[in-house]
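Shown next, in structure tokens, is the structure this report addresses.
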Amino acid sequence: MPYEVPRRSMQSMLFRTIRESSVDQAIRQYYQLTEAFPYEYGNTEDELLALGQDLEVANMKVEALEILKLNSRVNPGWKAYIVLADAYYGHQNYEQAALLYRKSIENNPRNTVSEKDGYKAAEKSLTSLNQ
């Protein structure tokens with residue numbers, strides 16, 4: 001019977017690299033892994049988003065922001081933009097947050113439930129910034 005080979009997770013590996021070395025080293029490691037093993041790593045968007053959340057919880061906010069910036073470069077789209085906008089908002093960089101909320105809205109087709117929710121969340125956040 002046909003089967004799909006499980007993909008590797010890089011989230012914990014990159015988290016460890018950040019803790020033991022630096023976020024810059026983890027970003028280099030990300031590019032090395034995805035270039036050397038393009039078929040072994042699955043959805044990097046979800047993994048990088050989860051890594052960003054893990055770093056926020058660990059109070060490594062600067063590192064989380066860098067990982068979320070990486071995610072928006074390698075996985076551009078409404079989801080990456082809104083999460084990065086939220087991070088900038090948390091850093092009180094409201095100008096950058098507003099720019100990314102707008103970008104999220106522009107890149108959101110509003111076809112699925114999560115996309116509709118993302119669109120509404122970005123609109124609400126942008127409205128609050130404009131007041």
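The values are calculated or read from the model by the stated rules, or taken from the named source; none is laboratory data. Keep in mind it's a predicted model, so treat the numbers as computed, not measured. Cβ: placed from backbone, ideal geometry, glycine included. Neighbour counts: every protein chain shown. With ligands, DNA and RNA removed, areas are computed over all heavy atoms of the protein, side chains included. Shrake-Rupley method; radii C 1.70, N 1.55, O 1.52, S 1.80 Å.
When region 1-39 is examined, which residues are found to be of a type in the set (D, E, K, R) and at pLDDT 95 or above?
Result: ARG16, ARG19, GLU20, ASP24, ARG28.
The conditions are (1) surrounded by 16 or more Cβ atoms within 10 Å (Cβ to Cβ); (2) over 25 Å from THR127 (Cα atoms), and TRP78 fails exactly one of them. Which is it?
Only one criterion in (1) surrounded by 16 or more Cβ atoms within 10 Å (Cβ to Cβ); (2) over 25 Å from THR127 (Cα atoms) is unmet by TRP78, namely (2).
Which one of these is surrounded by fewer than 20 Cβ atoms within 10 Å (Cβ to Cβ) and modelled with pLDDT of 95 or more: LYS61, LYS69?
LYS69
Go over the candidates ARG16, ARG110, ARG102 one by one and state the one that is on the phi > 0 side of the Ramachandran plot and surrounded by fewer than 18 Cβ atoms within 10 Å (Cβ to Cβ).
When all the criteria are applied, what remains is ARG110.
How do the pairs read when you match residues in region 76-97 that are under 23 Å from THR44 (Cα atoms) with residues anywhere that are outside any helix (DSSP H, G or I) and open to solvent by 20 Å² or more (accessible area, probe 1.4 Å), using Cβ under 7 Å and keeping only pairs 6 or more apart or on different chains?
As it stands, the answer is GLY77/ASN107; TRP78/ASN107; TYR81/ASN107, since those pairs meet every condition given.
I need a count of the residues in region 32-58 that are within 15 Å of the chain's Cα centre (by Cα) and loosely packed, with under 12 Cβ neighbours inside 10 Å.
Going through region 32-58 one residue at a time, the tally reaches 2.
All but one of (1) touching a Gly at 6+ places or on another chain (Cβ under 7 Å); (2) modelled with pLDDT of 90 or more hold for ASN108; state the number of the condition that does not hold.
Here ASN108 meets the rest and fails (2).
Checking SER22 against (1) without any contact (Cβ under 8 Å) to a residue 24 or more places away in the chain; (2) open to solvent by 100 Å² or more (accessible area, probe 1.4 Å), which single condition isn't satisfied?
Looking at each condition in turn, SER22 falls short on (2).
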